[in-house]
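The values are calculated or read from the model by the stated rules, or taken from the named source; none is laboratory data. Because the structure is predicted, anything quoted here is derived from the model rather than measured. Cβ placement follows ideal geometry from the backbone for every residue including glycine, while neighbour counts extend to all protein chains displayed.
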């Protein structure tokens with residue numbers, strides 16, 4: 001291997017269920033609660049053919065048009081034999097702490113490879129590192145971002161009708177200053193490609209994880225933990241990696257364009273953790289501080305774990321920082337036309353709670369309340 005390439009095998013241990021969506025949803029007519037605390041996902045095409053043999057198609061077609069009934073209750077009502085179900089199962093997974101009810105919404109699928117094995121895409125892992133490195137830079141080189149911080153603060157309180165454009169220029173300026181420092185211009189390409197060409201993270205190459213097993217999956221319900229009112233279960237359920245799962249992948253660093261080292265990875269994670277605990281977790285008495293070496297991976301883990309606004313204002317007046325995040329929440333979440341207020345009532349975050357957002361994203365696993373997406377850096381092995 002060329003001597004400017006440094007490769008590492010990295011192990012992440014899952015602490016709180018991790019969700020990385022495939023973009024597919026399973027309706028309540030495609031899965032059921034089955035034997036041994038399992039969820040069975042059904043191959044509907046096979047199931048259809050089996051039902052045809054026992055003359056249950058008319059009942060099944062009526063069921064498919066009924067938006068209220070779920071598959072498990074229809075099977076019980078029609079006394080479908082378990083042997084038929086067994087022949088039509090695509091896969092089973094642990095039901096986690098989810099209880100069977102008549103009212104059950106869609107289940108969001110975890111991303112899987114062509115063989116049906118769950119895995120973590122390299123793009124998700126690289127995004128995790130990018131957030132961590134950005135936070136480190138903002139915290140430890142805050143004077144370099146004085147102008148960007150001032151512009152960001154001013155822009156936050158301006159009205160912007162297009163939510164997608166809100167703060168996009170300011171975020172881009174901060175990312176450009178942090179990562180797009182190679183100065184390799186090419187007049188033949190547009191700005192987006194030019195940004196990618198000059199990004200030091202082009203030299204931080206992350207593989208997909210090694211394949212995992214469906215046995216590593218559990219079903220997890222979305223739980224919002226309010227800073228004062230406690231936990232609230234929401235209808236959304238997701239296939240997630242279980243706590244205890246080992247995520248293994250490789251990182252190759254092209255040191256000719258990317259300055260990061262093994263030590264930088266470790267230190268950047270710890271700086272992010274300290275900032276996250278200090279500015280966000282502290283008011284949430286129902287949730288424990290995250291330990292050094294903790295990272296957040298995947299979807300549904302919340303605003304503060306995925307953005308660098310708190311690191312951008314690290315060391316600044318904390319009340320003013322909360323006011324800034326509060327305004328971002330107001331401007332980017334749903335507006336209720338009837339009450340003329342933000343649907344999630346973020347306008348009151350600072351006054352009532354002293355923190356924004358006022359909920360932290362969690363789920364239950366074995367009756368334990370855990371933060372979504374929380375992992376621990378377990379091991380970094382040098383490969384060359």
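Return a yes/no flag: does region 279-288 have any residue that is under 22 Å from the mean Cα position of the chain (by Cα), crowded, with 17+ Cβ neighbours inside 10 Å, under 23 Å from residue 178 (Cα atoms) and at pLDDT below 95. Yes. Of the residues making up region 52-73, those that are out of contact with any strand residue (DSSP E or B) (no Cβ under 9 Å at 6 or more places or on another chain), outside any loop (DSSP other than H, G, I, E, B) and in contact (Cβ under 8 Å) with a residue 12 or more places away in the chain are 59, 60, 63, 64. Whether any residue in region 107-128 is under 30 Å from residue 317 (Cα atoms) and in contact with a strand residue (DSSP E or B) (Cβ under 7 Å, 6 or more places away or on another chain) is what I want to check. Looking through region 107-128, at least one residue is under 30 Å from residue 317 (Cα atoms) and in contact with a strand residue (DSSP E or B) (Cβ under 7 Å, 6 or more places away or on another chain).
Under the condition of being touching a residue at least 12 places away in the same chain (Cβ under 8 Å) and over 17 Å from the mean Cα position of the chain (by Cα), the residues counted in region 104-139 number 14. Filtering region 372-384 to residues that are touching a helix residue (DSSP H, G or I) at 6+ places or on another chain (Cβ under 8 Å) and in a strand (DSSP E or B) leaves 377, 380, 382. In region 160-171 there is at least one residue that is at pLDDT below 90, under 24 Å from the mean Cα position of the chain (by Cα) and surrounded by 18 or more Cβ atoms within 10 Å (Cβ to Cβ). One residue alone among 291, 273 is assigned to a helix (DSSP H, G or I) and within 19 Å of the chain's Cα centre (by Cα), and that residue is 273.
Between 39, 10, 44, which is outside the structural domain of residue 364 (by TED's automatic domain parsing) and closer than 30 Å to residue 375 by Cα?
Of the residues listed, the single one that is outside the structural domain of residue 364 (by TED's automatic domain parsing) and closer than 30 Å to residue 375 by Cα is 39.
Just for region 96-123: of the residues that are under 12 Å from residue 219 (Cβ atoms) and at pLDDT 95 or above, which one is surrounded by the most Cβ atoms within 10 Å (Cβ to Cβ)? Among them, the one singled out is 110. One residue stands out in region 226-249 among those that are in a loop (DSSP other than H, G, I, E, B) and in contact (Cβ under 8 Å) with a residue 12 or more places away in the chain: the one that is farthest from residue 117 (Cα to Cα), namely 228.
Within region 124-150, the only residue that satisfies the criterion of being surrounded by 15 or more Cβ atoms within 10 Å (Cβ to Cβ) and within 16 Å of residue 327 (Cβ to Cβ) is 149.
The set of residues from region 45-68 being surrounded by fewer than 17 Cβ atoms within 10 Å (Cβ to Cβ) and under 29 Å from residue 94 (Cβ atoms) comprises 45, 46, 48, 49, 64, 66, 67, 68. Taking (1) within 18 Å of the chain's Cα centre (by Cα); (2) under 28 Å from residue 173 (Cβ atoms); (3) at pLDDT 95 or above in turn, residue 303 satisfies each apart from (3).
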